[in-house]
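Asker: Pasting a structure below so you can have a look.
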Amino acid sequence: MTDWTSGYVADIDYTHDFHSQLTPATLAFCATAQGHRHGLGQPRLSYCELGCGQGFSANLLAAANPHIEFHAMDFSPAHIAGARELAQQAALDNVQFHERCFADFHQAAGLPASFDIIALHGVFSWVSAENRDHILRFIADRLKPGGLVYVSYNAMPGWAAAMPLRQLLRSRVDQGSGPLPTRIQEAIGWARKLQEAGAGVFARNPLAGKRLAHMQKMPKNYLAHEYFNADWTPFYFEDLKDEMGQAKLDFLGSTSPLDNLDDVRFTPEQQALLEAESDPCRREGLRDMLLNEHFRTDVFVKGKLAHTPRGEIGGWFETPLALVRPYSGGRLTFQHRGAEIDLAPEQYAPVLTALSQAPATVRALLDQGVFGSMDWASIRRMLMVLIGCGCLVPCLPLEDLERRRDSCRKFNQAVCKRAEDSDTLGFLASPVTGGGVALDRLEQLFLLALDEGAQAPADWAALAWRILAPQGQRLQHEGRVLESDEENIALLKARAGNFAARRLPVLRSLGVAPAPQQAPAAQRASAVA
């Protein structure tokens, strides 16, 4: 019997992260921003995730997008069993998980004839050439004309400096015995000894040493899947584009808005070099050389449908936006790839202030006059920066919001209940954005208390401590573990108060937290009197 793992790490489960690039509204915005006429606003869409890992992203997206039919596959039985369990707990009826390999996934029962979106996060660089061929055949057969493919991958030349380190570590792990996490730890320690001994691979390649130092801080289950598979291929953009071309795919752009703005990423001298390159594919490869790019999150399309200039602006006008970070006025600093981006407060402050009240379309913001006398090119650039820096996020249409609220509420309750036992799941679903919002374990416990009717932050802290204390959990403050009940409760109260003041209003705006309860009518009338 052949090895069912095909050389992929299977003795350590993958992480339960949520990857925002998979969000349908994010992919739709990328297409709009790149001038593509997409059909992702239509009802009854179909979405396929290849290599879904633990399936957490697929479950969250299914909860936040009940109008979309999701299918997700992975070769690991443990991953699929866990994904199905969460889907059942969250009462999701629009997601199916398939325990399949890439070679036979097309034979899985219940698959639709074609998909509007096919997504691969953390897959393409980590599988064999044979499996990449299976993936491309599936895309060619199952992606609708006009459909989108999202693919993330390790990129060159950024990985060139670390490739000897990866070979060194994997060879050492293969020589060892015992559990994989132990062998990984030993291999990293051995590489450090080589570095301290003045090995030329580190002395003449400082980036390898930086990568090794970074690896020491990573969780072992992430390291195992990132570095220690049998197959590991960083791609030059031109080569990746050629592979995607086998499935009739054209490049649209990056899911990161800032990576699509050359004036943000490059100096004037570098921009001149890019403008002198007439071939779009070679120009994209040149961008990677200028940036020493090591990871890309790209969107491809099967059949490009270019907007007219007027149609592209119309697509922007209909895009809803939401605030995802608290804003109370004042100047903000925007950074990308270590460089500061200059935005005038008098331009972005009215936008953030308006969206702090409620999500709104770009057209509604224009009607409110929040852009002042800015021209459209300046408005577009500012919104791209605000989205790229994580201040704003593209949203779903406001129609059908109540249905999405109900679906997200069930999913979020299931996740928050798990926070009683662990901190494994770190995201909740938003019915407004159709994506995920990061919340740590304490914040989830505070929401759990709020959902159970506790309105005061002190009561949230008390519930959290009733859960944590019997488990022997203790909080840390300023590098010190708090031992007494009094100290832990005091810090929990401070955390709960800060959460109520800063994060809760935004979470309510995103539909993640319940709206504040109104006092009884008689009590409200008395208060007014």
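The values are calculated or read from the model by the stated rules, or taken from the named source; none is laboratory data. Predicted model, so just to flag it, every value in this text is computed and none were measured. Note that we place each Cβ from the backbone using ideal geometry, even for glycine, and neighbour counts take in every protein chain shown. These accessible areas exclude ligands, DNA and RNA; they are computed on the full protein's heavy atoms, side chains included. Shrake-Rupley method; radii C 1.70, N 1.55, O 1.52, S 1.80 Å.
Asker: Output the relative contact order of region 267-416, whole-number percent, from Cα pairs under 8 angstrom with separation of 6+ residues.
Answerer: Relative contact order comes out at 26 percent.
Asker: Turning to a different aspect of this structure: Give a quick list of trypsin sites (Lys or Arg not before Pro) in region 294-394 that DSSP marks as loop, anything other than H, G, I, E or B, with at most 16 other Cβ atoms within 10 Å.
Answerer: Qualifying residues, ordered by number: K304, R331, R337.
Asker: Report the Cα centroid-to-centroid distance between region 427-491 and region 240-280 in angstrom, as an integer.
Answerer: 43
Asker: Would you work out if the chain is rounded, prolate or oblate? Take a ≥ b ≥ c from the square roots of the eigenvalues of the alpha-carbon gyration tensor; rounded if a/c is under 1.5, else prolate when a/b is larger than b/c, oblate otherwise.
Answerer: Rounded shape, in that the Cα axes give a/c under 1.5.
Asker: So who's got an amide H within less than 5 Å of the one on G253, skipping anything under 5 residues away but keeping other chains? H placed 1.01 Å off N, in plane.
Answerer: V299
Asker: Right, something else. I need the helices of the chain that pass two filters: whole DSSP H segments spanning 27 Å or more by Cα along the axis, and mean Kyte-Doolittle score no lower than 0.5.
Answerer: Membrane-span-like by this rule: not one helix.
Asker: On to the next question. Taking square-rooted eigenvalues a ≥ b ≥ c of the alpha carbon gyration tensor, is region 57-116 rounded, prolate or oblate, where a/c under 1.5 means rounded and, failing that, a/b exceeding b/c means prolate?
Answerer: In terms of gyration-tensor shape, oblate.
Asker: Loop-only check: which trypsin sites (Lys or Arg not before Pro) in region 145-208 are DSSP coil with at most 15 other Cβ within 10 angstrom?
Answerer: Counting only loop positions with at most 15 other Cβ atoms within 10 Å, the trypsin sites (Lys or Arg not before Pro) in region 145-208 are R204.
Asker: Using mean Cβ contacts within 10 Å as the protection proxy, how do 241-254, 64-77, 474-487 order, highest first?
Answerer: 64-77, 241-254, 474-487
Asker: Given a 1.4 angstrom probe, what's the average accessible area per residue across region 333-445, in square angstrom? Walk me through the numbers before you get to the answer.
Answerer: Numbers: 4850 Å² over 113 residues.
I get 43 Å² per residue for this part.
Asker: Given an 8 Å cut-off on Cα distances and at least 6 residues of separation, report the relative contact order of the chain as a percent.
Answerer: The normalised contact order for the chain reaches 17 percent.
Asker: Kindly sort M163, M384 by accessible area of their heavy atoms, largest first, with the probe set to 1.4 Å.
Answerer: Order by accessible area, largest first: M163, M384.
Asker: Would you be so kind as to identify which of A339, T297, M382 lies farthest towards the positive end of the dipole of region 297-386, taking Lys and Arg as +1 and Asp and Glu as -1 on Cβ and the Cα centre as origin?
Answerer: T297
Asker: Kindly report the accessible area of region 1-159 per residue (heavy atoms of protein chains, probe 1.4 Å, no ligands, DNA or RNA), in Å².
Answerer: Counting only protein heavy atoms, the per-residue value for region 1-159 is 36 Å².
Asker: Additional query: How much accessible area per residue does region 217-327 have, in Å², with a 1.4 Å probe?
Answerer: 46
Asker: Let me ask something else. At 222 nm, what helix-only mean residue ellipticity would the chain give, in deg cm²/dmol to the nearest 500, using -39500 (n - 2.57) for each DSSP H run of four or more?
Answerer: -13500 deg cm²/dmol
Asker: Order E443, E346, most accessible first, counting only protein heavy atoms with a 1.4 angstrom probe.
Answerer: E346, E443
Asker: What number of lysine-lysine pairs in the chain show an alpha-carbon separation below 18 angstrom, given a sequence spacing of 8 or more or placement on distinct chains?
Answerer: Going through the chain pair by pair, I get 10.
Asker: Still on this structure, I have one more. Probe radius 1.4 Å, ligands and nucleic acids ignored: give me the carbon and sulfur share of the accessible area of the chain as a rounded percent.
Answerer: Whole-percent figure for carbon plus sulfur exposure: 50.
Asker: Let me make sure I get this right: for region 374-523, a, b and c are the square roots of the gyration tensor eigenvalues over alpha carbons, sorted descending. Under 1.5 in a/c it's rounded, otherwise prolate if a/b > b/c, else oblate. Which is it?
Answerer: prolate
Asker: Then there's this: With every protein chain kept in the model, how would you rank S407, S177 by accessible area, 1.4 Å probe, largest at the top? Walk me through the numbers on the way to the answer.
Answerer: Numbers: S407 20, S177 100 Å².
Sorted by accessible area, descending: S177, S407.
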